[in-house]
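What follows is one structure encoded as structure tokens, with my remarks underneath.
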Amino acid sequence: MTPDVHTARCMAQSHCDAWTNQTPDVVAGRYAEQATMIMNGGDPMASRSQIGDMVAGFMADFPDLVLSLDTVLVADHHMVYAWTFEGHYKKTGNRVRFSGWEEWDLDDNLNVIKSLGWYDGADYERQVAGT
């Protein structure tokens, strides 16, 4: 199946809702079992389980996080969704707000098989530290 813009938007909104609702298993369930995810050119996560662990870590660090959908683009089995992340870092109480996007390659069942994500890591770290 190839998603149209409406389907892609619904997928991305559902993904954002799962982040906001603190359901790491639902977030991880968007990815194929052997999916690859790379954020900011870092070390790849190579399975749904590793992605779920990363998600659960963010959720623990930001118990009030809200992930908002900004926009979606789709072409064939590839989509991009842009988002904004907001929340308070648990250890410092600092408010953190940053935007980014993910590029998703999808299989025929609309599971993510590869994700490349980007956000300003230096700005994120500065906000977490409160500087």
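The values are calculated or read from the model by the stated rules, or taken from the named source; none is laboratory data. Since we're looking at a predicted model, the values are computed, not measured. For neighbour counting, all protein chains shown are included, and Cβ atoms are generated from backbone atoms with ideal geometry for every residue, glycine included. These accessible areas exclude ligands, DNA and RNA; they are computed on the full protein's heavy atoms, side chains included. Shrake-Rupley method; radii C 1.70, N 1.55, O 1.52, S 1.80 Å.
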Considering region 42-74 alone, what residues qualify as being among the β-branched types (Val, Ile, Thr), open to solvent by less than 40 Å² (accessible area, probe 1.4 Å), under 16 Å from residue 23 (Cβ atoms) and in contact with a strand residue (DSSP E or B) (Cβ under 6 Å, 6 or more places away or on another chain)?
51
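The rows are residues; the columns are (1) out of contact with any Leu (no Cβ under 9 Å at 6 or more places or on another chain); (2) over 20 Å from residue 12 (Cα atoms); (3) assigned to a strand (DSSP E or B); (4) of a type in the set (Gly, Ala, Ser).
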position	(1), (2), (3), (4)
57	yes, yes, no, yes
64	yes, no, no, no
80	no, no, yes, no
85	no, no, yes, no
92	yes, yes, no, no
99	yes, no, yes, yes
123	yes, yes, no, no
127	yes, yes, no, no
On the basis of being surrounded by 14 or more Cβ atoms within 10 Å (Cβ to Cβ), within 14 Å of the chain's Cα centre (by Cα), in contact (Cβ under 8 Å) with a residue 40 or more places away in the chain and more than 29 Å from residue 129 (Cβ to Cβ), does residue 11 make the cut?
yes
Please work out which residue is farthest from the chain's Cα centre (by Cα), limiting yourself to region 17-39 and to residues that are within 15 Å of residue 115 (Cα to Cα) and part of a helix (DSSP H, G or I).
29
For region 75-96, how many residues meet the condition of being in contact with a helix residue (DSSP H, G or I) (Cβ under 9 Å, 6 or more places away or on another chain), within 18 Å of residue 21 (Cα to Cα) and buried (at least 16 other Cβ atoms within 10 Å of the Cβ)?
5
Residue, surrounded by the fewest Cβ atoms within 10 Å (Cβ to Cβ), within region 110-131, restricted to residues that are within 19 Å of residue 55 (Cα to Cα) and acidic (Asp, Glu):
125
With among the hydroxyl-bearing types (Ser, Thr, Tyr) and in a strand (DSSP E or B) as the only criterion, which of 71, 7 stands out?
71
Can you tell me which condition residue 107 does not meet? The list is (1) crowded, with 16+ Cβ neighbours inside 10 Å; (2) under 25 Å from residue 6 (Cα atoms), and all the others hold.
(1)
Tally, over region 40-55, of residues that are under 23 Å from residue 120 (Cα atoms) and part of a loop (DSSP other than H, G, I, E, B):
6
Residue 131 vs (1) in a loop (DSSP other than H, G, I, E, B); (2) at pLDDT 95 or above; (3) at negative phi; (4) out of contact with any strand residue (DSSP E or B) (no Cβ under 9 Å at 6 or more places or on another chain): all pass except (2)
